[in-house]
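The values are calculated or read from the model by the stated rules, or taken from the named source; none is laboratory data. These numbers come from a predicted model, not from an experiment. Positions of Cβ are generated from backbone atoms using ideal geometry, with glycine treated the same way; all protein chains shown enter the neighbour counts. All accessible areas refer to the heavy atoms of the entire protein, side chains included, with ligands and DNA or RNA removed. Shrake-Rupley method; radii C 1.70, N 1.55, O 1.52, S 1.80 Å.
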Amino acid sequence: MSVDLSLDYFALFGLPCRFRLDEATLDHAWHTLQTEVHPDRHAHLPDGSDRRNAMAGALRVNEAYTALKKPLTRAQYLLELAGMGSDVINANVMAPEYLFEQLQWREAVEEARGTNDIDALEQLALRLQIQKGGVVEQLAVQLDDQRDLDAAADTVRRMMFLDKLRQDIDNVLAAFDG
Amino acid sequence: MALLQIAEPGQSAAPHKHRLAVGIDLGTTNSLVATVRNGIAVCLTDEQGRAIMPSIVHYRDGGGIELGFDAMSTRVSDPRNTIVSVKRFMGRGIKDVTHIEAMPYVFEETPGMVRLRTVQGSKSPVEISAELLRALRKRAEASLGGELTGVVVTVPAYFDDAQRQATRDAARLAGLHVLRLLNEPTAAAVAYGLDNASEGVYAVFDLGGGTFDLSILKLTRGVFEVLATNGDTALGGDDFDHRLYCWALDHARIDPPSAEDARRLLMAARAVKELLTVCEEAPFRLRLDSGEEVDLTVTRADFFEMTRALVQKTLAPVKRALRDAGLSPRDVKGVVMVGGATRMPHIQRAVAEYFGQEPLTNLDPDRVVALGAAMQANALAGNRREDDSWLLLDVIPLSLGLETMGGLSEKVIARNATLPVARAQEFTTFKDGQTAMSFHIVQGERELVADCRSLARFELRGIPPMAAGAARIRVTFQVDADGLLSVSALEASTGVEASIHVKPSYGLTDDEIAGMLRSSLEHASDDLTARALREKQVEAERLLEACAQALAADSELLDEAERTTIDALIARLRQLVTGHDANALSDAIAALSRATEDFATRRMNRSLSKALTGHNIDEL
Ligand SMILES: Nc1ncnc2c1ncn2[C@@H]1O[C@H](COP(=O)(O)OP(=O)(O)OP(=O)(O)O)[C@@H](O)[C@H]1O
Ligand SMILES: [Mg+2]
């Protein structure tokens, strides 16, 4: 092994195990590790275990980076470390006010999509972005300050919905690009 | 070997031989080869001092081929056997090729990749490209005075797996050792970024003869990180020529032209297009075989109007890439223009308008890709200096998916994931006693499998019979730094393993490649065994060199028994390296590699913890 595969993602990058994270520090740690293990660093060496090890390391480092980079996957990973896998999170029952919120978002997106209203879709994407900012802050409080995992799991589910919605909007917008 | 990589601070690695490595830009219209000489990337020229080699291959009646400039004149006199823009056929089926009706070739109705019928028989685009690569290899070997250790071949960033495989196969066929397939815009970014010591977010807009790429990169302290890439592998200068060609057919009221006349008209169209870059109007004048005269005048305004849709077409990938990167045009610090077709004024204007800034046109759009590829080749061959440690982090351009029930594609690896990337997924059987399972891998963003590109189908056999749902089959998809996919599968409860290297639905099988190699005249005369032995010797020398350095630096990481074994294996390898037995040599290399495996791991861990400690201190 070229990197210690038994380390959790945070430890791999030498970062504290918490939700709040400085992106520049993560990026820098990622670059530092990839400078060691990336296949480009080993291309001139004979095929063999060292190259395979470096490859395993490079894969792991990228996997870890991808998981920590985005607030949603980072929160999911923290919950998983705390013993709350995706099956547990998904089994959570959503509070009625969130369900109502979701319904409203969906209707707004469907309407804009039905009338091919690009401006409206872009507006919605912007509003989603703002709402997501608030949800990220909430996650930071629940995960880092209150250590309230159940509440965090609820918020993660809300965020999954918002992300999915954003993706749907982006796909519709992408179809209008060309 | 990781062993060689790790040089202690203040201790320089032992000087080693400079390895001959080149970068090749295998373009739709023009190809180039470049190398790093005394620390500077330069294009290698032919005897007449020309760096560019037109990507044209002429198969002569009665045998033999002409290439590059020498094949230019036969484009009109022998259009069926003079192949231009072959890159557009790489890894493509006949239905994928646009404007096929304006092409003077005889296509064969075969499944998979298109094939062309020539006087010398049926040719695959892979074979035709290999001719171009072989010519560049000869140029490089003559100019550098020795056999090449390895090459970096560039590909459009938006090339899918099938197109990449085809390019790699062509290089293999040309007898080249491919160190890396490198994305063209990334190569350009390296050449530009290293030259200008740039930092920040840049876009590379690469419009060549046949392909369009748009990549967004973030440059930070020597790291070139691709944030997103998008493009169109069937959009380039050729399409602008085609618009002019159609316009001319229309205005001169020409009936469907002969193959010769079609070629003449296309060449005239290209000349007109290029003239309009510098002039307000250009004559479209030529005499056809039929004796008909074409005498038209094209103004810039006409040309801009008839190609407006094509220019618009380049903006869609720009928007998508920016959206994927989560950026707006304002966030981009500079737009690097690459490819001959970016010389067109209306392209430059559209880019300037969209980004709200003048694009960067201060580098040679024809050469910059080859120069960047040469820099990467130099680094990958192990020639780089310690203080010269830049790194490329590139991405996969298109999502990979698996066909699921109902003909839907379930995404396994998302587009723009940083390479290398692997993703494991678990499947189970749905029938009692089921022993086989088949998978269909596709690439693309659409929901329906039918709208994506089929890459390969593979079957996993030998699943132990169990009750439905009891088997747990773990399939791992891995995309390496070349952007190429490999798949492996494992039944978790029994450990039954099957590793499948993906052969694309549009690719060649290993047997086909071997057959082509055999039939290729050049290689019949090459002494293949001698070459294989030489390759093994080079590998052995490198391994010995690596071990010596590692032992000098970190021998305290080994206990006495380990050290004795390693020393014995080194001695054996030393003995065999001067001999003639390639198999014994190969075994000895494998044995020493295995014996140093743990040692390498320990060294790597030590160096990594050092790297990170250093990093933490930096942060304080
Ligand atoms: N002055 C010019 N004005 C307009 N177009 C030009 C000019 N010079 C070159 N071109 C066009 O640029 C294209 C060739 O560009 P380039 O050599 O960069 O492509 P390539 O690398 O061979 O192709 P690709 O990168 O798509 O595989 C041709 O279509 C050519 O007509
Ligand atoms: Mg090009």
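With +1 assigned to the C-beta of every Lys and Arg and -1 to the C-beta of every Asp and Glu, and no other charges, what is the dipole magnitude of chain B about the Cα centre in debye, to the nearest 20?
On the way: 69 positive and 86 negative charges, 47 e Å.
Around 220 debye, computed over chain B.
Would you mind checking B:LYS218/B:LYS610; A:LYS70/B:LYS319; A:LYS69/A:LYS132; B:LYS218/B:LYS333 for any pair whose Cα atoms are more than 19 angstrom apart? Don't skip to the end; give the middle numbers.
Numbers: B:LYS218/B:LYS610 26 Å; A:LYS70/B:LYS319 22 Å; A:LYS69/A:LYS132 15 Å; B:LYS218/B:LYS333 10 Å.
Pairs exceeding 19 Å: B:LYS218/B:LYS610; A:LYS70/B:LYS319.
With θ taken as phi - 60° and the Karplus curve 6.51 cos²θ - 1.76 cosθ + 1.60 applied, the whole-hertz 3J(HN,Hα) list for the range B:63-77 is x, x, 10, 10, 9, x, 4, 5, 9, 5, 6, 7, 4, 8, 6 Hz, x standing for glycine and proline.
Computed with a 1.4 Å probe over protein heavy atoms only, the accessible area of B:SER77 comes to about 80 Å².
In a reduced charge model with +1 at each Lys and Arg Cβ and -1 at each Asp and Glu Cβ, the range A:88-177 shows a dipole moment near 180 debye about its Cα centre. On the principal axes of its alpha carbon atoms, the protein assembly as shown extends 85, 77, 60 Å, with the longest extent given first. Taking the C-alpha atoms only, the angle from helix B:560-577 to the longest principal axis of chain B is near 50 degrees.
Kirkwood hydrodynamic radius, chain A, all distinct C-alpha pairs: what's the number in Å?
Values: mean 1/r = 0.0538 Å⁻¹.
Taking every pair of different Cα atoms in chain A, averaging 1/r and inverting gives 18.6 Å.
Within a straight-line Cα-Cα reach of under 17 Å, B:LYS95 can be paired with the following lysines, leaving aside sequence neighbours fewer than 8 residues apart in one chain: B:LYS87.
Could you order the peptides B:227-238, B:559-570 from most to least packed, using the average number of other C-beta atoms within 10 Å per residue? Spell out each step's value before the answer.
Details: B:227-238: 24.2, B:559-570: 13.7.
Result, highest mean Cβ count within 10 Å first: B:227-238, B:559-570.
Averaged over the residues of A:50-62, the number of partner chain Cβ atoms lying within 10 Å of the residue Cβ comes to 6.
Within the accessible area of chain A, the carbon and sulfur atoms contribute 52%, probe 1.4 Å, all protein chains present. Students often forget the sequence filter, so: which aspartates and glutamates lie under 16 Å Cα-Cα from B:LYS17 once same-chain residues fewer than 8 apart are removed? Counting by Cα, and skipping residues close in sequence, B:LYS17 has these aspartates and glutamates nearby: B:GLU147, B:GLU386, B:GLU535, B:GLU539, B:GLU541, B:GLU545.
For the residues of B:419-425, the average number of beta carbons from a partner chain within 10 Å of their own beta carbon is 4.
Between the amide H of B:VAL496 and those of B:GLU491, distances stay under 5 Å, these residues lying 5 or more places away or on another chain, with hydrogens modeled in the peptide plane. Each peptide in B:483-493, A:54-64, B:62-72 receives the mean, over its residues, of other Cβ atoms within 10 Å, and ordering these scores from highest gives A:54-64, B:483-493, B:62-72. Taking the longest Cα principal axis of chain B as reference, the axis of helix B:237-251 is set at about 20 degrees.
Treating the Cα atoms of the range B:51-144 as identical point scatterers in vacuum, please give the log10 of the normalised Debye intensity I(q)/I(0) at q = 0.14, 0.25 Å⁻¹, two decimals. Debye curve over Cα of the range B:51-144, log10 I(q)/I(0) at q = 0.14, 0.25 Å⁻¹: -0.50, -1.39.
The residue among B:SER399, B:ALA456, B:LEU32 whose Cα reaches farthest toward the positive pole of the charge dipole of the protein assembly as shown, with charges on the beta-carbon of Lys, Arg, Asp and Glu, is B:LEU32.
In this simple spin-label approximation, A:GLU80 and B:ARG474 carry label points 7 Å from Cα along the Cα→Cβ vector, and these lie 1.3 nm apart.
Quick one: pull the percent of accessible area on the range B:360-449 belonging to carbon and sulfur, 1.4 Å probe, ligands and nucleic acids left out. Here carbon and sulfur together make up 51 percent of the probe-accessible area.
In what order, largest first, do B:HIS251, B:HIS346 sit by accessible area if the probe radius is 1.4 Å? Mind dumping the intermediate values first?
On the way: B:HIS251 95, B:HIS346 15 Å².
Ranking B:HIS251, B:HIS346 by accessible area, largest first, yields B:HIS251, B:HIS346.
Accessible surface calculations at 1.4 Å, restricted to protein heavy atoms, place chain B at 42 Å² per residue.
Would you tell me the mean number of C-beta atoms belonging to other protein chains that fall within 10 Å of each C-beta in A:27-39, as a whole number?
Working: counts 4, 6, 5, 4, 8, 8, 4, 6, 6, 10, 5, 6, 7.
Across A:27-39, the average partner-chain Cβ count within 10 Å equals 6.
Based on Cβ point charges of +1 for Lys and Arg and -1 for Asp and Glu, what charge dipole magnitude is obtained for the protein assembly as shown about its Cα centre, in debye rounded to the nearest 20?
On the way: 87 positive and 116 negative charges, 160 e Å.
Magnitude of the dipole: close to 760 debye.
Residue by residue, the range B:30-43 carries 3J(HN,Hα) couplings of 10, 10, 9, 10, 9, 9, 9, 10, 6, x, 10, 7, 9, 7 Hz when phi is fed to the Karplus relation 6.51 cos²θ - 1.76 cosθ + 1.60 (θ = phi - 60°); x denotes Gly or Pro. Listed by chain and number, the lysines whose C-alpha is less than 20 Å from the C-alpha of B:LYS273, apart from same-chain residues fewer than 8 away, are B:LYS313. Computed over the range B:531-612, the Cα gyration tensor eigenvalues convert (square root of 5λ each) into semi-axes of 26, 14, 9 Å, ordered from largest to smallest.
Calculate the all-directions average of the projected area of chain B's alpha-carbon convex hull, and give it in nm². Please report the intermediate quantities before stating the final value.
Numbers: hull surface 129.4 nm².
If you wrap the Cα atoms of chain B in a convex hull and average its projections, you get 32.3 nm².
Solvent-accessible area of A:ILE130, all protein chains in place: 120 Å² (probe radius 1.4 Å, heavy atoms, ligands and nucleic acids excluded).
The angle between the Cα long axis of helix A:23-37 and the longest principal axis of the Cα atoms of chain A comes to about 40 degrees, rounded to the nearest 10. In the protein assembly as shown, taking the dipole from charged Cβ atoms about the Cα centre, the farthest positive-side position among A:ALA108, B:ALA481, A:LEU173 is held by B:ALA481.
What is the percent of Cα-Cα separations in the range A:9-69 that go past 19 Å? Summing the P(r) of the range A:9-69 above 19 Å gives 32 percent of all pairs. Across the range B:366-376, coupling constants 3J(HN,Hα) worked out from phi with the 6.51/-1.76/1.60 Karplus curve, θ = phi - 60°, read 7, 9, 4, 5, 5, 5, x, 5, 5, 4, 5 Hz, and Gly and Pro carry x.
For the charge dipole of the range B:526-601, defined by +1 on Lys and Arg C-beta atoms and -1 on Asp and Glu C-beta atoms about the Cα centroid, which residue among B:ALA588, B:CYS547, B:THR601 has the Cα displaced farthest towards the positive pole? Towards the positive end, the residue furthest out is B:ALA588.
Find the relative contact order for the range A:88-177 and round it to a whole percent, using C-alpha pairs within less than 8 Å whose residues are 6+ positions apart. Before the final figure, lay out each step's value.
Details: 41 pairs, mean separation 34.1, N = 90.
Across the range A:88-177, relative contact order equals 38 percent.
Treating each Cα of the range A:88-177 as one equal point scatterer and applying the Debye formula with no solvent, the log10 of I(q)/I(0) at q = 0.13, 0.18, 0.23, 0.24 Å⁻¹ comes out as -0.48, -0.82, -1.12, -1.18.
Based on Cα contacts under 8 Å between residues 6+ apart, chain B shows a relative contact order of 14 percent.
Provide, in order from the shortest bin, the percent of all Cα-Cα pairs of the range B:215-262 in each 5 Å bin, continuing until the bin that contains the maximum pair distance. Per 5 Å bin, starting at 0, the Cα pair percentages come out as 5, 15, 15, 13, 10, 8, 8, 7, 7, 7, 5, 1.
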